[in-house]
Amino acid sequence: MQRRLRRAPLGEAGDSFLESHGLLINEEFLPLLQEAGLQDFDRVMHFEGGALVNQRGRTTVVRVKTAGGQHLYLKRHRFRPLRDFLRAMRRLQRVDRNGKHEWTNILRVRALGLDTVIPVACGRRRTPAEKDSVDSCLITLGLEDAEPVDSFYLASMQSPPSQQRCVLKRAII
């Protein structure tokens, strides 16, 4: 079941999204997802290929190389709202295990004209087997030869910063 959606409010000009089998998909990348076998929510959540990049608790990030040589990053969360909320409160942390939330933030950064990962697909739904659990995923296209802004900032801001560096610092913030 596919449903074409209007351009998302925070998408770039020309971005078109469709909803398909539990995923919100950047339509431009549908063929790439189909090639990788990641065109629906269940396939994404049960995908076993790729190289593990990061695993923290019930969150995993896997890098998948497509036949065309591009890298997709697949981030999957298993979130237990009540348990994770109580754990976060005990540690005074924020609870955010939602691929859709991260998708929206990526679109906001892109709308500002800043280079960041390209959002390919995201999805979220309650797990039928575990009523108190929510599964969520985010798929992005990898950025090649990029430096994280926090690394750039630490490496390039000397003390005391020059006027030019102050302008750059304010722009980054």
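The values are calculated or read from the model by the stated rules, or taken from the named source; none is laboratory data. For clarity, every value in this text was computed on a predicted model and none was experimentally measured. As a convention, Cβ positions derive from the backbone with ideal geometry for all residues, glycine included, and neighbour counts pool all protein chains shown. Side chains are part of the model used for accessible areas, which takes the heavy atoms of the whole protein and leaves out ligands, DNA and RNA. Shrake-Rupley method; radii C 1.70, N 1.55, O 1.52, S 1.80 Å.
Per-residue surface analysis assigns R108 an accessible area of about 130 Å², computed on protein heavy atoms at 1.4 Å probe radius. In this view, the solvent-accessible surface of I118, computed with a 1.4 Å probe and all protein chains in place, comes to about 50 Å².
Place the peptides 144-153, 36-45 in order of packing, highest mean first, counting for every residue the other Cβ atoms within 10 Å and averaging per peptide.
Ranked from most to least packed, the peptides come out as 36-45, 144-153.
By a 1.4 Å probe calculation restricted to protein chains, F47 has an accessible surface near 50 Å², given to the nearest 10. Mean separation of Cα pairs under 8 Å and 6 or more residues apart, divided by the residue count, gives the stretch 22-85 a relative contact order of 22 percent.
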